[in-house]
Structure formats: C-alpha cells, structure tokens
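This report concerns only the one structure given below.
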Amino acid sequence: MKLPDGTTLMHGVKPYDPQKAHEYYLRTRKLKGRRKGRGDSYTVKTRSGGTRTVSAQELEKQQASAAQRVSEIKQRLTRLTQELRKRMADARARERDAKKGPTKSEKSKKAREAKKYREKNQQKLANKRRSGGGSKKSSSSSSRTESVDDLKQKVEKVRGILKSAVENQRRLSSATKNG
C-alpha cells in the first residue's frame, strides 16, 4: 500500500497488505462474551506482597472488621496515653515534694510521735534489736517509676499494632475490581 507521499506503508519488515489483514480478521473475529461472576470479585494485596481475589461481600466484611479494629486500638492507645500522663505527673509531683523536704513543724511533729512510740513499745523494740529484725521495707517509688516505664513500653507496642492495622485497612480499601 502506497502512502500519499509515495512511500510504502510497512508492517514490521514486510509491506502492509490490506487483503492479508482482512483475511486475518475473518479468521480471528470470534466474539468473546461477557464472563459472568467476575464483576463481583476484587483483587486485594496481601501482606506478603502477593494478591488474592475476594468477593464483594467478603471485602465489605474485612473492611468493616479492619475499621472496627483500628477504632478499638485507637481507644486503647488514648486510654494508655492518658494513664501515662497521669502517672508521669504524679511522679513529677512526688519528686518535687521530695526535693523540698519536711518543714520544721513537720520534723518536730514526727519527732514527738517517734518518742511516744518508743516509750509505748520499749519492750518490742528491745526484742527486735536483739533478734536483728529491725530492717525497714523498701519504698514503692521504684515500683511507680517501673510502672511508668511499663506504660511507655505498652504505648509503643500499641502504636506498632495500630500502624499495622491501619496498613491492613489501607490495603483493603485500595482493592481493585476485576472484570
């Protein structure tokens, strides 16, 4: 076939032949009908990087459960962060009070109470000294700081869980329709 400028129309390395093209069309013109059942399926990316096909109802259920899971995790994270802030504020207040120390009146009051206790429980104290059982219990301030640290770790763990749940929700929402 000749073009208006006089050159030959090429199909690959051979010149274009309209008769041959028409014969090919007649051989391969079988119409392909609509494939039923494919319009309701969606392709969803998996965590491992592959894809899988799910029905529309299954996709809706998965999206609903993913959204519910994300909201539950967000609520849990909110509760944990509020508890963490509260405990950190309490710890700061205790540290502030510990730095101040007792006032003179508090010291004298404590001394009077200790003197009364010694006078009242002389025999018990003497027995304790002889048996060597006068050790004091450790303070619970270290357990408070541990609980703050534990809460911090829980908050970080929940943030990681939330991140993966949101990622799962995004994967489900970006599903593509087949067909």
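On C-alpha positions alone, give me the angle between the axis of helix 141-173 and the longest principal axis of the chain, in degrees, nearest 10. Taking the Cα atoms of the chain, the angle to 141-173 is about 10 degrees. Considering helices alone, the calculated mean residue ellipticity of the chain at 222 nm is -23000 deg cm²/dmol, with DSSP H runs of length four and up weighted by -39500 (n - 2.57) and normalised per residue.
For region 1-98, the ratio of Cα radius of gyration to the globular rule of thumb 2.2 N^0.38 Å stands at 2.65. Aspartates and glutamates near K100 by alpha-carbon distance under 17 Å, same-chain residues fewer than 8 away left out - which ones? Within the straight-line cut-off, K100 pairs with D90. Placing +1 on the Cβ of every Lys and Arg and -1 on the Cβ of every Asp and Glu, with nothing else charged, gives the chain a dipole about its Cα centre of roughly 1640 debye. For region 1-78, chymotrypsin sites (Phe, Trp or Tyr not before Pro) are listed when DSSP marks them as loop and at most 10 other Cβ atoms sit within 10 Å of their Cβ; the list is empty.
From least to most packed, judged by other beta carbons within 10 angstrom and beginning with the fewest, K32, K107 follow the order K32, K107. Rounded to the nearest 10 degrees, the angle from helix 122-131 to the longest Cα principal axis of the chain is 60 degrees. Calculated on the alpha-carbon coordinates, the convex hull of the chain measures out at 322 cubic angstrom per residue.
Given N121, S65, A93, which one lies farthest toward the positive end of the charge dipole of the chain, if we put +1 on the Cβ of every Lys and Arg and -1 on the Cβ of every Asp and Glu? Going by the Cα projections, it comes out as N121.
Kindly state, to the nearest 0.05, the FRET efficiency for S48 paired with V155, given R0 = 41 Å and r defined as their beta-carbon distance. Please report the intermediate quantities before stating the final value.
Details: r = 29 Å, r/R0 = 0.70.
That pair, S48 with V155, gives E of 0.90.
Which links in K45/K177; K61/K157; K74/K177 stretch past 20 Å when you go from one Cα to the other?
K61/K157; K74/K177
Once backbone amide H atoms are built at 1.01 Å from N, S41 has N178 as its partners under 5 Å, excluding neighbours fewer than 5 places away on the same chain.
Distance between the 7 Å Cα→Cβ label points at A114 and T176: 7.9 nm.
Values quoted throughout were computed directly from the atomic coordinates according to the rules given, and no laboratory measurement underlies them. Every value quoted in this text rests on a predicted model; they were computed, and no experiment measured them. Neighbour counts are summed over all protein chains in view; Cβ atoms, including those assigned to glycine, are modelled from backbone coordinates with ideal geometry.
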